[in-house]
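The values are calculated or read from the model by the stated rules, or taken from the named source; none is laboratory data. Since the structure is predicted, the reported quantities are computational estimates derived from the model, not experimental observations. Note that each Cβ is placed from the backbone with ideal geometry, even for glycine, and that neighbours are counted across all protein chains shown.
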Amino acid sequence: MQTRQSDEVETTCPYCGVGCGVLAKVAADGAICVRGDPEHPANFGKLCSKGLALSETMARDGRVLHPEIAGERVEWNTALDLVARNFADTIAQHGPDAVAFYISGQLLTEDYYVANKLMKGFIGSGNIDTNSRLCMASSVAGHRRAFGEDIVPGLYDDFDEADLIVLTGSNAAWCHPILYQRMLTARRVRGTKIIVIDPRRTATADESDLHLPLDPGTDVLLFNGLLAHLARVGAMNESYVAKHTSGFEAAISLALADAPSSEAVALGCGLPVADVRLFYDLFAATERAVTVYSQGVNQSAHGTDKVNAIINCHLATGSIGKPGAGPFSVTGQPNAMGGREVGGLANQLAAHMGFENGEDVDRVARFWRARNMARTSGLKAVDMFRAVGDGRVRAIWIMGTNPAVSMPDSSRVRAALKRCDFVVVSDVVRTDTTRFADVLLPAAAWGEKDGTVTNSERRLSRQRPFVPTPAEVRADWRIICDVASRMGFADAFEYADPAAIFREHASLSAFENNGARLFNLGALAAISNGDYETFGPRHWPQPNERPDDARLLAGGRFQTPDGRARFIPVRQEGVAQPANSAFPLALNTGRLRDQWHTMTRTGLVPRLMANAPSPVVELHSRDAAENEMDEGDLAYLATPYGFARAKVRINDGQKPGQVFLPIHWSGQYAVNAGTGPLASPVTDPFSGQPELKHVPLRLRRE
Ligand code: SF4
């Protein structure tokens, strides 16, 4: 593979949490050329179909190219003055909790950092949440419960070194394709076994050695059964459990009560008992086992419990942070991890600190010299839009995301935005959400943006500009700082460039840290602009004791008060809203191989649209027959929240009674076609993540 050329810019793919390195350049004829970076350790030169089409998504069609107020073009100063004035007036009249920011895993870490600082340290509210809430908030909550800090212990290298990879709630073949290729290579090279746990027979399951199509919502039962099995057959690492963990007795007694035998698990999960036993025996016999989990686990009313049920099994075998072994949460978005690091969730503070600890709040306030420090968590995504709807939040700023389509119960979200006193949207292109903007601000796009992202294995990479930013378009961090200055906080938001913000972020992570948190970028706190410019992809944090191995938690010391990891006792609870006589089917949702979010980029590329040019709902043939439907018929789908239409595709990879609809379609492509109008806003009590993988549904031929 051709090595990097001097005219190519090293940057990072903006689509998913794999974080593939990309080399980009503008050729002499003006054409944009993009290829995989052969030296980037996340992808070694490979790109999936979406990454390969990046150059075709950079057209200016649909771009927001100048600020607008009520749809009319205005000067930047006019727009910024209005935003700052309306936010300040709302805060003065109704308090800081009457305003909110809803941001995005598309933002770079530097953008995220200043947005979080403005809301939590200067406006004085925790009301900043991100669309990553819909993606991986349950993993964050599960990590914090078990490890005391939101830490992903493993690395992608573990996929090369594992003898068993268990993918649960992850269609990696479509959603993290480059990682999945790596797993298949491990199978070819070292005979790694791949087990897929997913109600659907997906492309990932097609390639697996064993597919466990469990019934929706039964993951805790399956992993409680695994924990009980490990204890029964003597496959636990008892010295590890004794030395490095707490809470085992409570967890195992609940697991045994929940899952007394493999037969009981098989019955409860709707699986053949022989397959359950095969999974349990393989896990018990394999020292190097990685459990990869993604949205199928996280997007649940009990997602945090599911995450902890998985982590419990790895604690029992002592397989945390070891080569080829450990629980591994894979994120959906390119910078969900960077957002977590700066505290871009309503219930977190920067640098892995939290509101539950008053000393953390004081520490961050001291570092920021905060004018008005938030003392409590703010509204999480679903609650935030409820608060917009009922008038508790009167001004909202939405950055780089499309909640009018992507939020569950999106009809209610649209009604809330319509009713809201003041809506600001900063984005790259016009979307369903920009229609609600009182003020629309043009933000820089991929190829223009400059900053850092963190991928699923905690590897920091740079996104670098390689095309000129249109004249009236600004970087997100610049727009946020411009508003902050106009609100009277200029001295705290005077950054010359993204490198200056990165230095402050790194300094905060080290401020009064002394090992209290693993997340510590202190060694980068004085990075020069030159070094920031040439910054190559690297893992962070690095454990001090093993600088050549970036795996974390291997030493068995955790960020809890007693230094021990916590087993969390969890009980099988099932889905929040089972199918019923009015809605006899269950809707599952997910992504397609060639599409991204609400298609605002990938929808521009004909070859990416070719596989699924219109919304398709997948049904088992039995359900199609019972509802008198054939392949290609138009189906009317209804849930307790709304309705949508899609063409029928018959696929016996669905279990009977379960229906699958992709998340992507929005008002730009079809009216009421995506999952937003249908999806349930019921959330996990710990993470606030909505149950997007299950809602009762009925359908009929249109
Ligand atoms: Fe981009 Fe993800 Fe595909 Fe890599 S796997 S090219 S990061 S979409």
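Could you please find all residues in the stretch 153-177 being out of contact with any strand residue (DSSP E or B) (no Cβ under 6 Å at 6 or more places or on another chain) and closer than 29 Å to Gly354 by Cα?
Leu155, Tyr156
Restricting to the stretch 59-91, give me the number of residues that are assigned to a loop (DSSP other than H, G, I, E, B) and surrounded by fewer than 18 Cβ atoms within 10 Å (Cβ to Cβ).
10
Can you name the residue in the stretch 20-34 that is in a loop (DSSP other than H, G, I, E, B) and within 21 Å of Gly603 (Cα to Cα) and is also farthest from the ligand (Cβ to nearest atom) among such residues?
Ala31
Being outside any helix (DSSP H, G or I) and either assigned by TED's automatic domain parsing to the domain that holds Asp89 or modelled with pLDDT of 95 or more (or both) is true for just one of Ser125, Ser138. Which residue is that?
Testing whether each residue is outside any helix (DSSP H, G or I) and either assigned by TED's automatic domain parsing to the domain that holds Asp89 or modelled with pLDDT of 95 or more (or both) leaves just Ser125.
Where residues in the stretch 1-19 are in a loop (DSSP other than H, G, I, E, B) and over 25 Å from the mean Cα position of the chain (by Cα), which of them is farthest from the ligand (Cβ to nearest atom)?
Ser6
Applying the selection to the stretch 309-357, what residues are over 24 Å from the mean Cα position of the chain (by Cα) and free of Cβ contacts under 8 Å to residues at least 12 places away in the same chain?
Residue satisfying the conditions is Asn357 alone.
Which of the following residues is modelled with pLDDT of 80 or more and among the basic types (Lys, Arg): Arg607, Arg601?
Of Arg607, Arg601, the one residue that is modelled with pLDDT of 80 or more and among the basic types (Lys, Arg) is Arg607.
Taking the options Val18, Val34, name whichever one is of a type in the set (Val, Ile, Thr) and touching a strand residue (DSSP E or B) at 6+ places or on another chain (Cβ under 6 Å).
On inspection, the qualifying residue turns out to be Val34.
For the stretch 75-98, does any single residue satisfy the condition of being away from the ligand (no atom under 16 Å from the Cβ), within 30 Å of the chain's Cα centre (by Cα), modelled with pLDDT of 95 or more and not hydrophobic (A, V, I, L, M, F, W, C)?
Checking the stretch 75-98: at least one residue is away from the ligand (no atom under 16 Å from the Cβ), within 30 Å of the chain's Cα centre (by Cα), modelled with pLDDT of 95 or more and not hydrophobic (A, V, I, L, M, F, W, C).
Looking only at residues in the stretch 177-205 that are under 22 Å from His694 (Cα atoms) and not small (Gly, Ala, Ser), which one is surrounded by the fewest Cβ atoms within 10 Å (Cβ to Cβ)?
Per the criteria, the residue is Arg201.
Quick check: anything in the stretch 167-182 more than 16 Å from the ligand (Cβ to nearest atom) and more than 20 Å from Ala554 (Cβ to Cβ)?
Scanning the stretch 167-182 turns up at least one residue that is more than 16 Å from the ligand (Cβ to nearest atom) and more than 20 Å from Ala554 (Cβ to Cβ).
Can you find even one residue in the stretch 126-136 that is within 25 Å of Arg363 (Cβ to Cβ), crowded, with 24+ Cβ neighbours inside 10 Å and of a type in the set (Ser, Thr, Tyr)?
Yes.
Quick one: what pairs do we get from the stretch 62-75, first residue free of Cβ contacts under 8 Å to residues at least 60 places away in the same chain and of a type in the set (A, V, I, L, M), second outside any strand (DSSP E or B) and crowded, with 16+ Cβ neighbours inside 10 Å, C-beta under 7 Å, 6+ apart or different chains?
Val74/Pro67
Quick one: is Ala416 within 26 Å of Leu661 (Cα to Cα) and assigned to a helix (DSSP H, G or I)?
When the stated conditions are applied, Ala416 passes them.
Which count do you get for residues in the stretch 1-19 that are over 18 Å from Arg601 (Cβ atoms) and either hydroxyl-bearing (Ser, Thr, Tyr) or modelled with pLDDT under 95 (or both)?
Residues flagged as over 18 Å from Arg601 (Cβ atoms) and either hydroxyl-bearing (Ser, Thr, Tyr) or modelled with pLDDT under 95 (or both) within the stretch 1-19 amount to 7.
Within the stretch 35-50, work out how many residues are without any contact (Cβ under 8 Å) to a residue 60 or more places away in the chain and outside any loop (DSSP other than H, G, I, E, B).
Summing the residues that are without any contact (Cβ under 8 Å) to a residue 60 or more places away in the chain and outside any loop (DSSP other than H, G, I, E, B) in the stretch 35-50 gives 2.
Matching residues to (1) assigned by TED's automatic domain parsing to the domain that holds Ala351; (2) over 30 Å from Glu149 (Cα atoms); (3) not hydroxyl-bearing (Ser, Thr, Tyr):
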{"site": "Asp427", "(1), (2), (3)": "yes, yes, yes"}
{"site": "Arg430", "(1), (2), (3)": "yes, yes, yes"}
{"site": "Thr433", "(1), (2), (3)": "yes, yes, no"}
{"site": "Ala437", "(1), (2), (3)": "yes, yes, yes"}
{"site": "Asn455", "(1), (2), (3)": "no, no, yes"}
{"site": "Arg459", "(1), (2), (3)": "no, no, yes"}
{"site": "Glu472", "(1), (2), (3)": "yes, yes, yes"}
{"site": "Ile480", "(1), (2), (3)": "yes, no, yes"}
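Being in contact with a helix residue (DSSP H, G or I) (Cβ under 9 Å, 6 or more places away or on another chain) and either within 8 Å of the ligand (Cβ to nearest atom) or among the charged types (D, E, K, R) (or both) is the filter here, so list the residues in the stretch 35-49 that pass it.
Arg35, Gly36, Ala42, Asn43, Lys46, Leu47, Cys48, Ser49, listed by residue number.
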